[in-house]
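Undergrad: This is the structure I want to talk about, given as structure tokens.
The values are calculated or read from the model by the stated rules, or taken from the named source; none is laboratory data. Keep in mind it's a predicted model, so treat the numbers as computed, not measured. To get the accessible areas, we keep the full protein, side chains included, count just its heavy atoms, and leave off ligands, DNA and RNA. Shrake-Rupley method; radii C 1.70, N 1.55, O 1.52, S 1.80 Å.
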Amino acid sequence: MKAFVQQTMKVPYDILSEKNYRKFLWMLLKYGNSPRFIERKISFNGYQFSIPDAISFVWQYKEIMVDRCYDFETDAKQPVIYDCGANVGLASLFFANKFPNAKILAFEADKKISEIARNNLDSNNINNAEVINKAVWINEEQLNFSSEGADGGSLMNNSANKQLVQAIRLRDWLEKENQVDMLKMDIEGAESEVMLDCENSLGHVQHVFLEYHSYSKSKQNLSAILGIFEKNGLRYNMENNYKLRQPFLKKVKEKVMDMQLNIYAYR
């Protein structure tokens, strides 16, 4: 009976006790059926953001502000945070609020989205986050980037909507820091190559959030990434965001991605 009450009362309890959860439900109700990729402004928690796509922002809000998937603790007086795949700046806002003295580097490859992120942070007086319109990669070079219009832009897709972007070699940037307190990486499929390139450059990184994408027609290399964490003395935990029922019967042949994991690595 106790377990039944806990489960049945969880949602009402969350609604009553958590203002961010109430805000998420309100946004889901208002924007859940909205047309995709329409620019608008949205207000939350005393802030106002410009967003290119309402429904993708709503789910970002849940992950970042309700579930607090990027939350971490540090004793550093001026934490160094790399926000790779910054999108419209919500994660950087979260980090800046928790650590006002932090140095935040927010990398966003999509030119239009990076401009939105920069304006969002500037207009909300977030002064310790620098938005850098470059792709996180394994070389400094120009690359074709497929812009999806919201949070799904990628170096790995072959869509028609391409733009030429300048890339940075993440390894070189990490090696310039004495310590990196958080490396957040949500770069839509480029994470495997980048992590392999950074294999010997994570010894001073304290926390890593990595969104791992497994594409159905590409080789899986999750074990290599986990091996890199182990080599660098990082423990890890994983959460599956792409739950596939009966995976033996439904092998996602028709879809691009067959698995997506949130990996949390830490000392």
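Undergrad: Largest first and in whole Å, give the semi-axes of segment 30-110's equivalent ellipsoid, each being the square root of 5 times a Cα gyration tensor eigenvalue. Show your work: numbers first, answer last.
TA: Numbers: eigenvalues 129, 35, 23 Å².
Taking √(5λ) for each Cα gyration eigenvalue gives 25, 13, 11 Å.
Undergrad: Where the accessible area of the chain is counted over protein heavy atoms with a 1.4 Å probe, how much of it, in %, is carbon and sulfur? Numbers along the way, then the final one.
TA: On the way: 7040 of 14260 Å².
Result for the chain: 49 percent of the exposed heavy-atom area is carbon or sulfur.
Undergrad: Can you give me the convex hull volume of the Cα atoms of segment 14-169, divided per residue and expressed in Å³? All intermediate terms of the calculation are to be shown ahead of the outcome.
TA: Details: hull volume 18.5 nm³, N = 156.
Spread over its residues, the Cα hull of segment 14-169 gives 119 Å³ apiece.
Undergrad: Write down the percent of antiparallel bridges among all DSSP beta bridges whose residues are both part of segment 116-267, to the nearest 5. Show your work: numbers first, answer last.
TA: On the way: 21 of 28 bridges.
Looking only at bridges with both residues in segment 116-267, the antiparallel portion is about 75 percent.
Undergrad: OK, next. Give, in nm to one decimal, the length gained when the segment between GLN246 and GLU130 is fully stretched (0.36 nm per residue of separation minus the Cα-Cα distance).
TA: On the way: separation 116, 0.36 × 116 = 41.76 nm, distance 4.39 nm.
Full extension from GLN246 to GLU130 adds 37.4 nm.
Undergrad: Determine the per residue accessible area of the chain with all protein chains present and a 1.4 angstrom probe, expressed in square angstrom. If you can, show how the numbers build up before the last one.
TA: Numbers: 14260 Å² over 267 residues.
Averaged over the residues of the chain, the accessible area is 53 Å².
Undergrad: Could you tell me, in Å, what Rg and Dmax come out for the Cα atoms of the chain?
TA: Radius of gyration, then largest Cα-Cα span, for the chain: 18.8, 60 Å.
Undergrad: Give the cross-link partners of LYS219 among the aspartates and glutamates, using a straight C-alpha distance below 20 Å as the criterion and excluding same-chain residues fewer than 8 apart.
TA: Hits, sequence-local ones excluded: ASP186, GLU188, GLU191, GLU193, ASP197, GLU199, GLU211, GLU254, ASP258.
Undergrad: Whole angstrom only: what separates the Cα centroid of segment 214-267 from the Cα centroid of segment 86-104?
TA: With segment 214-267 and segment 86-104 each reduced to a Cα centre, they are spaced 26 Å.
Undergrad: Strictly over 29 Å apart at the Cα level, which of LYS41/LYS77; LYS184/LYS217; LYS41/LYS184 would you flag in this model?
TA: Working: LYS41/LYS77 34 Å; LYS184/LYS217 26 Å; LYS41/LYS184 26 Å.
From the list (LYS41/LYS77; LYS184/LYS217; LYS41/LYS184), the Cα-Cα distance tops 29 Å for LYS41/LYS77.
Undergrad: Also, I was wondering about something else. Where does the chain land at 222 nm, in deg cm²/dmol rounded to the nearest 500, when only DSSP H runs of n ≥ 4 count, each adding -39500 (n - 2.57), divided by all residues?
TA: Working: 8 runs with 82 residues, N = 267.
Calculated at 222 nm, the ellipticity per residue is -9000 deg cm²/dmol.
Undergrad: Among the aspartates and glutamates, select those whose C-alpha is under 13 Å from the C-alpha of LYS19, and discard any that sit fewer than 8 residues away in the same chain.
TA: By straight Cα distance, LYS19 reaches ASP67.
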